[in-house]
Amino acid sequence: MKKKEKTDKQQDGHSSKQKNVSPEETRHKKDGSTRGRPKKTKKDNCEEKMTDLQTKYDELNDKYLRLYSDFDNFRKRKAKEFTEIVMTANKELVVDLLPVLDDFERAMQAMKEHQVDEESLKGTELIYNKLYNLLKQKGLSPMDSMGKEFDTDWHEAITNIPAPSKEQKGKVVDVIQKGYLLNDTIIRYAKVVVGN
């Protein structure tokens, strides 16, 4: 009798358990999905993967573009530096040769003043022109300072004298030593006398 009661209770308990379970929960259990969440479809999985791949692609593309622009800037900067180095590579040599150029100009001026024979003057002018043209090919150009407004960016004032006329006030009256540019960069300032 006791056995029969136990089996009746077990059946009642079993049936009461079944009554408490909702049909939706039973369906989820049959599908094998977790409780309370609907099962993801293949389409949802593909969309998630596609979104993840698009995000990774965007990140990598951004990194690539930044790296490419950094490299391009580096390349341009190095090319500019190389050009500047080439343009001013002979700067020291040219600066050292400027006093020789000055000496040639003074020598030719003295030869003209002392009326030295024509062949000596022509020979000196020939050597001067060869040296000057060689330096000119390297980018040397003289400053034209005479009669210009005094500018501290271009000129070095040796002395001030009273201006011969009102128009020459604040202007270069005399050039003691020529100034020179090498590829549009000042390598020697002109030493001048300024009228005031």
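What to note about this one:
- Reachable aspartates and glutamates from Lys40, criterion Cα separation under 14 angstrom, eight or more residues apart if same chain: Asp31, Glu48
- With protein chains left intact and a 1.4 Å probe, residues in segment 132-179 average 69 Å² of accessible area per residue.
- Subset of Lys130/Lys169; Lys112/Lys178; Lys78/Lys178; Lys80/Lys191 violating a 28 Å alpha-carbon distance limit: Lys130/Lys169; Lys78/Lys178; Lys80/Lys191
- The heavy atoms of Met50 offer some 130 square angstrom of accessible surface to a 1.4 angstrom probe.
- Hits among aspartates and glutamates - C-alpha to C-alpha of Lys136 under 14 Å, sequence gap 8 or more where chains match: Asp184
- Solvent-accessible area assigned to carbon and sulfur over segment 28-182 amounts to 55 percent, based on a 1.4 Å probe.
- The chymotrypsin sites (Phe, Trp or Tyr not before Pro) of segment 111-196 include none that meets both criteria, a DSSP state outside H, G, I, E and B (loop) and at most 16 other C-beta atoms within 10 angstrom of the site's C-beta.
The values are calculated or read from the model by the stated rules, or taken from the named source; none is laboratory data. Note that the structure is predicted; figures quoted are calculated from it, not measured. No Cβ is skipped: glycine too gets one built from the backbone with ideal geometry, and neighbour counts run over all protein chains shown. Quick note on the areas: whole protein, heavy atoms, side chains included, nothing else; ligands and nucleic acids left out. Shrake-Rupley method; radii C 1.70, N 1.55, O 1.52, S 1.80 Å.
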